[in-house]
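Read through the structure below, which is laid out as structure tokens, and then see the notes.
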Amino acid sequence: MIRHGWSIICKESVIDSASNNISLLNVLEAINIEIEKANKDGDKVEKSEDFKMTVPISFQVVTLYITDNPSAGKIGKGRITFVDPNGVQISSIDYDINFKKKKRVRHRSHINGLACTTSGEYKFKIQYKVDGEENWVDAATLPLFITVRFL
């Protein structure tokens, strides 16, 4: 059996080579974005129904998975889905989870740039499934509050 230990959004993480423990640095809970009303060419920028921008930010979503039976060597998949405040899926990342003789497996997804459509509570939905099973298991939902302000 695979189970979810925890997931965190952070700016960076460091794994200690001696202990294999991880340090999570600058945990992200909220992002404030300020947008000039005119861009460098003098064109007016306004919020509209189809407003979308990419925020130039680098961060990680770090997840720990645990198994009760490492000798079974379970292999599975993980998924991170990014959803805007209106419930619209913006992006999704799939990755492998491999428990070959390991009791715990960490995954660090490095993300460069974040699509933003409006102010509000965005969500990173964490899911996993074991190979051979059809259904994804909902493991966690991580909130990220984004405020967009037009200057």
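Bear in mind that the values in this text are calculations on the coordinates, not laboratory data. Being a predicted model, the structure only gives us computed values, none of them experimental. Note: ideal-geometry Cβ built from the backbone for every residue, glycine included; neighbour counts use all protein chains shown.
Counted by Cβ distance under 12 Å from residue 132, the other residues give a net charge of 0, where Lys and Arg count +1 and Asp and Glu count -1. Local charge for residue 96 was computed over the other residues whose Cβ lies under 10 Å away, with Lys and Arg +1 and Asp and Glu -1, and equals -1. For the chain, set up a Gaussian network in which alpha carbons nearer than 10 Å are linked by springs, and say which option among 83, 62, 137 fluctuates the most. Most flexible of the set in this elastic network: 137.
In terms of distances greater than 26 angstrom between alpha carbons, the cross-link table entries 11/77; 103/125; 11/101; 102/123 yield 11/101; 102/123.
When the charge dipole of segment 105-151 is built from unit charges on Cβ atoms (+1 for Lys and Arg, -1 for Asp and Glu) and taken about the Cα centre, the candidate among 137, 148, 116 whose Cα reaches farthest toward its positive end is 148.
By the Cα gyration tensor, segment 87-151 has an equivalent ellipsoid whose semi-axes, rounded to whole angstrom, run 30, 13, 10 from largest to smallest.
Mind telling me which of 33, 57, 15 comes out most flexible in a GNM of the chain, alpha-carbon contacts under 10 Å? Highest fluctuation of the listed residues: 15. So if R0 is 25 Å, what FRET efficiency would residue 23 and residue 111 give, r being the distance between their Cβ atoms, rounded to the nearest 0.05? The pair residue 23/residue 111 has a calculated efficiency of 0.85. One quarter of the surface of the convex hull around the alpha-carbon atoms of the chain equals 10.7 nm², the direction-averaged projected area.
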